[in-house]
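Data block below; observations after.
All of the numbers you see were taken from the coordinates with simple rules; none came from a lab. Every value quoted in this text rests on a predicted model; they were computed, and no experiment measured them. Note that we place each Cβ from the backbone using ideal geometry, even for glycine, and neighbour counts take in every protein chain shown.
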2 protein chains.
Amino acid sequence: MKVYVVGIGLIGGSMVLDIKGLYPEATVYGVDLNEDHVAEALKLGVIDQAAKLEEVVNADFVIVSVPVDVAMKVVPQVLDYAGEETIVFDVGSTKSPICEAVANHPKRRNFIAAHPIAGTEFSGPSAAITGLYQGKTNIICEVEKTAFKLQERALDLFRAIGMRIRYMDPKSHDKHIAYVSHLSHISSFMLGKTVIEKEKIEQDIFDMAGSGFESTVRLAKSSPAMWTPIFKQNKEQVVETLEEYISNLTQFKELLQDDNYDAIYDEMQSVNKIKVILNGLKK
Amino acid sequence: MKVYVVGIGLIGGSMVLDIKGLYPEATVYGVDLNEDHVAEALKLGVIDQAAKLEEVVNADFVIVSVPVDVAMKVVPQVLDYAGEETIVFDVGSTKSPICEAVANHPKRRNFIAAHPIAGTEFSGPSAAITGLYQGKTNIICEVEKTAFKLQERALDLFRAIGMRIRYMDPKSHDKHIAYVSHLSHISSFMLGKTVIEKEKIEQDIFDMAGSGFESTVRLAKSSPAMWTPIFKQNKEQVVETLEEYISNLTQFKELLQDDNYDAIYDEMQSVNKIKVILNGLKK
């Protein structure tokens, strides 16, 4: 099995580590514009060989794991070079733009639009870990546009690394993911900003930060290079979620200003059911 | 050593578990209006005996770990009953109101105002765990108002369970903690609310939630009974942090609406330094 990973970081790197564990005969080729990343990935054993895009004609799988704006150019290029049996998939957090970008490509049937919902706040080849995808969800969009034989092989691979498959149209994906992922990142970044700004004038504030703060600002460690194009591509949906979030925060603030503590209690109690929802996720 | 814990939940329960581990000769007495909690704490071995407030005259330590509004009544009552050598401390997340409530108590010198910054999103006796305070910060307010000999014994106990001590005046405590703790809780509750509201009309949205969402909404599992009085007591500071947070979110939304992606990138990159700050916390 020949697997190419284009963009060797957390997402692609973790995926090929699992593939290497499951298929010892697999050879993993790494393509990355950043030569340091290629060298690091070779040294860490994440990839077996450095490679170029042009070589993918014999690939079984090409994982395009680059920022979503770069994927808009790279996926069509990879498809240009792809062989008849080559499966090309992306892993981006937005799905409408990439699906539109390849809609009329002559090798559209070699492409499968995927969003494995997994990650950490770290990036680069050293962030690659085994088992990242175990029990996680992989959203597949427009599956009917991928050749049936290739679909089957791709889904077998996703299931082999432990993923549950969910099918969704690209627009629904982008709308829903704005709530459960994109908004979380902005809420976390802006929480970090608010506290850092305060710290400039109030020393030692972080000495008082506990595990709760750490949990809520964890995503503020995420890569701006990865996230800026995601927000750009999903602008409309993200703006909408932000408006709802700001409106909820403003309402909470007003309840506080009005000393309406019964309503504040009720608000929190009603959100407490997130416990049950999150436990459901772990099933 | 006789230790009384008034309010047997996560905070007080975890503290007496550590005390029992360190001082096998200690007897832990539990006081709680909730009889189920007393029975549960006895069964779990969190406390050795059920007790009443009136019995604290021979106590070495009385830990008052009740919601901050309840503490306003209970701490003065406990002080009324306290013996000459009894150390009474609270553990609340607001410090000005409790310090004011005991300011003129004849046994003010038996009280030490404490805020051990530790916790989880769980509550009740079954949430009590050993080692919760290891490496965590304990903020002590108005230490000079506690009898010197009693200060010393209290600080020895806090250090024995692994805590670092920081001294702060109550007003500064309440101002800073609004940023690094109270705001995080509201941001998390309102994030949960925003997504739950959306889910009512968009099924299966939670199927797409990953570990990032889980991390940012973890605090939305917290107890409304504990948090409502905290927000009430620290209303002014919390409203101020909320206004700054809402303003930062609104500004981010406007950058997005203006397609100013360079500024969005810069915002996120500048908040990324939270990595270094959080790593510093772990030292």
*Enumerate lysine pairs in segment A:2-169 that are 8 or more residues apart or on different chains, then count those whose Cα atoms are under 17 Å apart.*
9
_Position B:F148, label points 7 Å along Cα→Cβ, spacing to each other copy in nm (shortest first, one decimal)_ = 8.9
*aspartates and glutamates with Cα under 16 Å of B:K273, excluding same-chain neighbours fewer than 8 positions away*: A:E121, A:E197, A:E199, A:D204, A:D207, A:E214
_I need to check one value: relative contact order of segment A:2-169, counting alpha carbon pairs closer than 8 Å and at least 6 residues apart, in percent._
24
*Return a whole-number percent for the relative contact order of segment B:177-283, with Cα pairs under 8 Å and 6 or more residues apart as the contact set.*
32
*Determine ³J(HN,Hα), in whole Hz, for all residues of segment B:218-233 in sequence, where each value follows from phi through the Karplus function 6.51 cos²θ - 1.76 cosθ + 1.60 and θ = phi - 60°; x replaces Gly and Pro.*
3, 5, 6, 8, 5, 6, x, 5, 7, 8, 4, x, 5, 4, 5, 5
*Per-copy distances of the A:E54 label point, shortest first, in nm (7 angstrom along Cα→Cβ)*: 9.3
*In terms of the Cα gyration tensor, with a ≥ b ≥ c the square roots of its eigenvalues, is segment B:2-169 rounded because a/c is under 1.5, prolate because a/b exceeds b/c, or oblate?*
rounded
*Ranked from highest to lowest mean number of other Cβ atoms within 10 Å per residue, what is the order of the peptides A:253-264, A:80-91?*
A:80-91, A:253-264
_I need the inter-copy label distances for A:D259: point set 7 Å along Cα to C-beta, values in nm with one decimal, smallest first._
5.0
*Determine the shape class of segment B:193-273: with a ≥ b ≥ c the square roots of the Cα gyration tensor eigenvalues, call it rounded for a/c under 1.5, and otherwise prolate if a/b is greater than b/c, oblate otherwise.*
oblate
_In sequence order, calculated HN-Hα J values of segment A:115-126 (Karplus, 6.51, -1.76, 1.60; Hz; x Gly/Pro)_ = 9, x, 8, 7, x, 9, 7, 9, 9, x, x, 6
_Residue-span extension gain [B:D204 to B:A263] - 0.36 nm each, minus C-alpha spacing_ = 17.9 nm
*asked:* Tell me the mean residue ellipticity at 222 nm calculated for chain A from its helices only (DSSP H runs of n ≥ 4, each -39500 (n - 2.57), averaged over every residue, nearest 500).
replied: -15500 deg cm²/dmol
*Apply the Karplus parameterisation 6.51 cos²θ - 1.76 cosθ + 1.60, with θ equal to phi minus 60°, to every residue of segment B:160-170 and state each ³J(HN,Hα) to the nearest whole Hz, in sequence, with x for glycine and proline.*
4, 8, x, 8, 8, 9, 10, 9, 7, 7, x
*Choose one of A:A59, A:Q233, A:S123: the residue whose Cα lies farthest towards the positive end of the charge dipole of the protein assembly as shown (beta-carbon charges +1 Lys, Arg; -1 Asp, Glu; about the Cα centre).*
A:A59
